[in-house]
Amino acid sequence: MLRKPVELMICLIGVVITGTSAQTLDLGGGSSPVVDSSTASSELASFLDAQADTIESEEDLLGGLKASAAVRRLAASLLRDGQSRGTRGTPRLVIGRTVVSNLSAIDDTLNGPTAVLTDAQASLLATDCSALASQLPATQHDLDRALRDALAPLTNAVELEVSGWPMANSPLAPTLGALIELQTVQTSEQTEARASSLVSIDGLLTRARAWPSHRLAADRIEALVRSAAAVLQLERWVDSTSHDALTAAFDRSIDRVARGIDAESALTSLEQLGTIARAAKQVDSLKQLQLRRRAQSRFNTLLTEFETDPRRVAQTSATIERVFTDANEDQILERERTLPTFARVAWRDAEGGFESSGERLINSMLEAMTAANPMTEPALLSAIRAHRQSHEFLQDIVDIGAYLTGIDETDDSVRGRPSILTDRRRLAARVLALGKQLADPNEREDALSRLTTIAALVRATQPFAHEQSFRSVQNGPANAMHRQVIDALDSLHADAQATLMLQQPASPEADASRLIDQAKRWATLLTATHAHHRLDSVGQERLQAWAPWELTEHGWSMLLDALPEQLESATRALFNDEPIDAEAFAIAHLASVCLDRLELYPQPAAGAAGLLAQIALGTPPPGSFGLIDREPIASICLDLEELASAILRGEQEREASLRARSAQSAMRVIERMNAEAR
């Protein structure tokens, strides 16, 4: 049975130093099996078990070899269990394959002259890994915690750089010290008990942070406590009975955490309380008085269910937080001051539509509060789409205004109404006329379409994403095609410019669809080219060190080998004004997006330290690194391995199916990441 974290720390502190194990591991041909795409998880697991049997057959086995055998059995158990769970098991499969890929490094840290554990510490590691292998937890979160605790002796012995995860914690949330001080000021039996629990938690977290294995878990617990403490100071409009229930739930939760009684359930409760507090703050931030009062009333009704169904209240509160954050977001309205007079008529209409869609969004959320899951309600989903479209139309007007004046929309030095550039006055007059037509119900749809088209043309006059980096690259034998692409881009930008300058009022918008379609296709190609460059240079090493991502050489070949030919084929198709297959580049694009976001964080170490940083620090908080849950990424990685297997075996139908499925999965992940980033 795995030790509880506190018991584990005592074992680690009190272990008797008996000297480093002198035994070495020799399995004849290398200690690490080859993870091949053609090897099924069950076959790989059997191979690992056979290796563990060989190790355990040695006489007078010391702790290091016991641990090497136990780690293999743990990896085998993860592979079998992950395979049996289908899609839900993909994170377990990736963890298992990650362990296998790093077995040589693990063996070096456990055995021979480079061993970092004493015999007693290694035996402790072996015992806990064997116990975990024999009975894996049912949920991924529990498995993450169990892996953290089982591997803790090794995590705390290697030089592990723990940089921390970004926490879902408001920067305004008081520190634990400030919370404790606040309770001592408000003297009562309740606040004294609360202060006592907070002091105990603070002490536990201080001790936990002494161990690299539990440092990030301590950060997460503190973030949850601080975020949940916001329920203690909710606004007065919150019903007193509900406020008392939330306060009591907070006190119960921190008491259980402090005493280690059903602590995981208590942490879940704290997470729910933090979500409810953030939702209440968003309700209070609604600008329109009548809507705010109505929202407060509905929210109070929702809170009456807290004691009977806290999970639903928290889930609905999470949706409220997200929806009302969107409804309250109005920074784009500040861009109005940069617009020329000719664009202001269209802007006023767009601004009115934005405010109306925001009000509709809030009302739809209020109506959906009674649903079991508000995010499945068609009316709410429709309102979310409509509000995003109205935001996009505002951005269209901003882009048009910036083009007319030649002034960047983010230029804070603008004072007064900027002037129209001389060669763009005809276009300005057309924008003004279309803005007026928006007020006529009979002409509105046509005017809206034309303004949207003008905005798309305006964007086509500007460099696309990654175009500048493409222009600066000289790629050897392909220089001739590289020059042709640059010439084609120059021509496209010039054509878009010329189309905008046409004198006939109706012509530019009516004839622009071909140019806009070309612009989208060239943008797709440049994004794919950028992704290939990133993956070919630094991508493999960086992504392999990221917990959700694990590919063998065969898997990487599926992702990378075909890209140059696909890019060349797509380029020739564009030269011939033919469509290109955007799905062919979806996984490379996803990998590139992940790389861009991971660059904000330190590069993990290689070897055993890198492995432990991936699998032995617990579950990252949702949204860590600006990314998403591990399951979709893990599924795509395994699809690439399956694809390699299908090609090796000549299974053409399976190959086609896997290509389509993995590409579609990647596109869905990108869409979700983009939506959550807005």
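Quick note: the coordinates plus some simple rules give every number you see, no bench work behind them. Just so we're clear, the structure is a prediction, and the values are computed from it rather than from any experiment. Neighbour counts run over all protein chains shown; Cβ positions are idealised from the backbone, glycine included.
If you bin the C-alpha pair distances of the range 279-322 every 5 Å from 0, what whole percents do you get?
Result, from short to long distances: 5, 24, 31, 23, 11, 4, 1 percent.
Per-residue HN-Hα couplings for the range 71-83, Karplus 6.51 cos²θ - 1.76 cosθ + 1.60 at θ = phi - 60°, whole Hz, x for Gly and Pro?
Going residue by residue, I get 5, 5, 5, 5, 4, 4, 5, 4, 5, 5, 5, x, 5 Hz, with x marking Gly and Pro.
Which ³J(HN,Hα) values, rounded to whole Hz and listed in residue order, are derived for the range 230-245 from phi using the Karplus coefficients 6.51, -1.76 and 1.60 in 6.51 cos²θ - 1.76 cosθ + 1.60 with θ = phi - 60°, glycine and proline given as x?
These are the phi-based 3J(HN,Hα) values: 5, 5, 6, 10, 5, 5, 5, 5, 5, 3, 4, 5, 5, 4, 4, 5 Hz.
Taking a quarter of the surface of the Cα convex hull of the range 252-402, what do you get in nm²?
10.6 nm²
Debye calculation, C-alpha points only, no solvent: report log10 I(q)/I(0) for the range 319-383 at q = 0.23, 0.25, 0.27, 0.28 Å⁻¹, in the same order as the q values.
Result of the Debye calculation: -0.91, -1.00, -1.11, -1.16.
Need one number: convex hull volume per residue for the range 175-275, Cα atoms only, in Å³.
Cα convex hull per residue, to the nearest whole number: 94 Å³.
State log₁₀ I(q)/I(0) for the chain at q = 0.07, 0.08, 0.09, 0.10 Å⁻¹ as given by the Debye formula over alpha-carbon point scatterers of equal weight, solvent excluded.
-0.62, -0.79, -0.97, -1.13
Between the range 549-569 and the range 56-82, what is the C-alpha centre distance in whole Å?
That distance is 34 Å.
Where does helix 189-208 land angle-wise versus the long Cα axis of the chain, in degrees 0 to 90, nearest 10?
Result, in degrees: 80.
Around residue 570, what is the net charge, scoring Lys/Arg as +1 and Asp/Glu as -1 over all other residues with Cβ under 11 Å from its Cβ?
For residues surrounding residue 570, the net value is -2.
Place a label point 7 angstrom from the Cα of residue 301 along the Cα-to-Cβ direction, then list the residues of the range 349-381 whose backbone nitrogen is under 20 Å away.
359-381
How large is ³J(HN,Hα), in whole Hz, for each residue of the range 347-352 in order, when computed from phi with the Karplus curve 6.51 cos²θ - 1.76 cosθ + 1.60 and θ = phi - 60°, using x for Gly and Pro?
Those phi angles translate into 4, 4, 5, 5, 5, x Hz.
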